[in-house]
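K.L.:
Sharing a structure with you now.
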Amino acid sequence: MDRIRIVGGRPLSGTIPISGAKNATLPLMIASLLTEGTLILDNVPRLADVITLQRILANHGVDIMLSGKRAGDSAYQGQTMHISAARIVDTTAPYELVSKMRASFWVIAPLIARMGEARVSLPGGCAIGTRPVDLLIMALERLGAKIEIDGGYVVARAPNGLKGNEIVFPKVTVSGTHTALMAASLAHGTTVIENAAREPEIKDVADCLNKMGAKISGAGQSRIVIEGVSKLSGARHSVLPDRIETGTYAMAVAMTGGDLTLAGARPELLQSALDVLVQAGVEVQSTNVGLRVARNGHGLAPVNVTTQPFPGFPTDLQAQLMALMTRANGTSHITETIFENRFMHVQELARLGAHIHLDGETATIEGVDKLKGAPVMATDLRASVSLVIAALAAEGETMVNRVYHLDRGFERLEDKLAACGAEIARISS
Ligand code: EPZ
């Protein structure tokens, strides 16, 4: 299993190109099941989760073609993916595939909407929380689907198609909103979603669906209205930049000191996180290529943060911020409100010498003068990158184990950091 070796203590400086967003790419690829036409996606990141989803879509009969390199392409040029779901030959998403990546459960929405039937394995447990799918099922039932659970599978039927309706989410859910958006796009009549998720990835999917002929208004706000249409067509869409990758590298240079340009970043997609960095004493500046983040010579101030749905502070940057606060001049408090078990990185950061005390959903971080390298274990995607951030500032060597977690959501992380001065390398075994 691959590991990553890091020797800390070097400031970061240079330019990091930001990749397309994982959490937009996955639902966009799934939306291809809604049409017989070809969906062309540009700026697709090279991630393990994208490859897993390609296999899942292929199992339904989808053809996927990746464009080869073009003259003049930069080393980090996003991929162009041509996805054709002209013929859906199988409406079952098997456990072997779905269990590898939770978001694949979302195929249930386009399958039931277009084919009138779907049999999709329940996704099962997850390291960061129970993560039920009851609100996704509620949304589909509100649109008239008949749903039963059978042998670990969700079996959904709507032989006469789905019917528009009002869907009120009792709590903000990204997966629930994606599911309702895709299903309602082909339903008969009007659907109104209340208390919808406002994440930028939701807006990106809605923009793409509207290019395919859907009639969606209000995406990015809490109330979304969808006029169902009978058919959707192919389209071309470029995946928005990854705000979590952007925030991660911003936290990394804040940790090590230095001066980074994050090319292609869109600051407005992570304003709350950038505001927290400014509060901590980090320089943050929008530029004509993206974002400049720097910290030179002065320490970090402690901050108190609570994770919230967008536009609040994203839970997917919580672990990275915690790593940063281990070096702050004072005490910080971080409260996690989205997932009930998203502190797996605390014990691993403690191995590097961090002082963190957990009390329910709040972590109290006492800043220390220095961290010291040690072998650590990655547990989930964002927890693993928080260990990388801490290791970049720790004295001596850190070995991060189980880096397959990182490959799920960060494209060429060690190459991007090494190009900016980090002593980091992958050790394949
Ligand atoms: C998406 O997960 C992201 N994943 C997550 O990123 C992200 O942390 C999360 O949204 C919140 O921003 C993708 O986009 C692929 P939710 P999702 O539905 O959609 C509960 C990463 O690191 N809930 O908004 O699964 C749920 O348990 C990943 O890239 C129900 O109770 O999140 C959670 O507590 C991790 N019932 C809360 O709602 C449901 O039916 C928010 O979940 C659905 C969700």
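K.L.:
HN-Hα J couplings of the range 93-109 from phi, Karplus 6.51/-1.76/1.60, θ = phi - 60°, integer Hz, Gly and Pro as x?
P.N.:
3J(HN,Hα) across the range 93-109, in whole Hz: 10, x, 3, 4, 8, 4, 5, 7, 8, 3, 4, 5, 4, 5, 4, 4, 5.
K.L.:
Output the 0 to 90 degree angle, nearest 10, between the alpha-carbon long axis of helix 22-31 and the longest principal axis computed from the alpha carbons of the chain.
P.N.:
10 degrees
K.L.:
Given a 1.4 Å probe and heavy atoms of the protein chains only, how would you sort Lys215, Lys22, largest accessible area at the top? Walk me through the intermediate numbers first.
P.N.:
Values: Lys215 120, Lys22 25 Å².
Reading off the accessible areas and sorting them downward yields Lys215, Lys22.
K.L.:
Any idea what angle helix 243-256 forms with the longest principal axis of the chain, computed on alpha-carbon atoms, 0 to 90 degrees, nearest 10?
P.N.:
10 degrees
K.L.:
Still on this structure, please answer the following. Return a whole-number percent for the relative contact order of the range 65-151, with Cα pairs under 8 Å and 6 or more residues apart as the contact set.
P.N.:
Working: 60 pairs, mean separation 19.1, N = 87.
Relative contact order for the range 65-151 comes out at 22 percent.
K.L.:
Report the gain in length on full extension from Glu227 to Asp42: 0.36 nm times residue separation, minus Cα-Cα distance, nm rounded to one decimal.
P.N.:
63.9 nm
K.L.:
So if each residue of separation counts as 0.36 nm, and I subtract the Cα-Cα distance between Asp2 and His298, what length gain in nm does that give? Intermediate results must be reported in sequence, preceding the final value.
P.N.:
Details: separation 296, 0.36 × 296 = 106.56 nm, distance 3.56 nm.
My answer for the length gained is 103.0 nm.
K.L.:
Here's another thing I want to ask about it. Taking 31 Å as the cut-off for C-alpha to C-alpha distance, list the pairs among Lys69/Lys215; Lys146/Lys171; Lys22/Lys171; Lys22/Lys370 that go past it.
P.N.:
On the way: Lys69/Lys215 35 Å; Lys146/Lys171 23 Å; Lys22/Lys171 23 Å; Lys22/Lys370 33 Å.
Beyond 31 Å between Cα atoms: Lys69/Lys215; Lys22/Lys370.
K.L.:
State the extension gain, in nm to one decimal, for the chain segment bounded by Ser217 and Asp63, taking 0.36 nm per residue of separation less the distance between their alpha-carbons.
P.N.:
Working: separation 154, 0.36 × 154 = 55.44 nm, distance 3.01 nm.
Full extension of this stretch gives 52.4 nm more.
K.L.:
Give the long-range amide H neighbours of Ser238: residues separated by 5 or more places, or on another chain, with amide H under 5 Å away, using H modelled in the peptide plane at 1.01 Å from N.
P.N.:
Asp42
K.L.:
Percent relative contact order of the chain, based on C-alpha pairs within less than 8 angstrom and at least six residues apart?
P.N.:
Values: 1072 pairs, mean separation 92.2, N = 429.
That works out to 21 percent.
K.L.:
For the pairs Lys163/Lys203; Lys100/Lys231; Lys100/Lys163; Lys100/Lys372, note any where the Cα-Cα span goes beyond 29 Å. Mind dumping the intermediate values first?
P.N.:
On the way: Lys163/Lys203 23 Å; Lys100/Lys231 31 Å; Lys100/Lys163 32 Å; Lys100/Lys372 34 Å.
Check vs 29 Å cut-off fails for Lys100/Lys231; Lys100/Lys163; Lys100/Lys372.
K.L.:
Keeping every protein chain present and rolling a 1.4 Å probe, give me the accessible area per residue for the range 48-103 in Å².
P.N.:
Details: 2760 Å² over 56 residues.
In whole numbers, the range 48-103 has 49 Å² accessible per residue.
K.L.:
Of the accessible area of the range 1-109, with the probe set at 1.4 angstrom, what percent is carbon plus sulfur? Before the final figure, lay out the partial values.
P.N.:
On the way: 2070 of 4200 Å².
C and S atoms contribute 49 percent here.
K.L.:
Would you work out the relative contact order for the range 154-269, in percent, from Cα pairs under 8 angstrom that are 6 or more residues apart?
P.N.:
Relative contact order comes out at 22 percent.
K.L.:
For the chain, rounded, prolate or oblate, judged on the Cα gyration tensor with a ≥ b ≥ c (square roots of eigenvalues), a/c < 1.5 rounded, else prolate if a/b > b/c?
P.N.:
Details: a/c = 1.89, a/b = 1.70, b/c = 1.11.
Since a/c reaches 1.5 and a/b is larger than b/c, the shape of the chain is classed as prolate.
K.L.:
Also, I was wondering about something else. Could you go through the range 67-79 in sequence order and give the Karplus-derived ³J(HN,Hα) for each residue, using 6.51 cos²θ - 1.76 cosθ + 1.60 with θ = phi - 60°, rounded to whole Hz, and x for Gly and Pro?
P.N.:
5, x, 4, 10, 3, x, 4, 7, 4, 9, 4, x, 7
K.L.:
Quick one: Karplus J couplings for the range 164-174, per residue in order, coefficients 6.51, -1.76, 1.60, θ = phi - 60°, nearest Hz, x for Gly and Pro?
P.N.:
These are the phi-based 3J(HN,Hα) values: x, 6, 8, 10, 10, 7, x, 9, 5, 9, 5 Hz.
The values are calculated or read from the model by the stated rules, or taken from the named source; none is laboratory data. The model shown is predicted, which means the values in this text are computed figures rather than measured ones. In case anyone asks, the SASA skips ligands and DNA or RNA and just uses the protein heavy atoms, side chains included. Shrake-Rupley method; radii C 1.70, N 1.55, O 1.52, S 1.80 Å.
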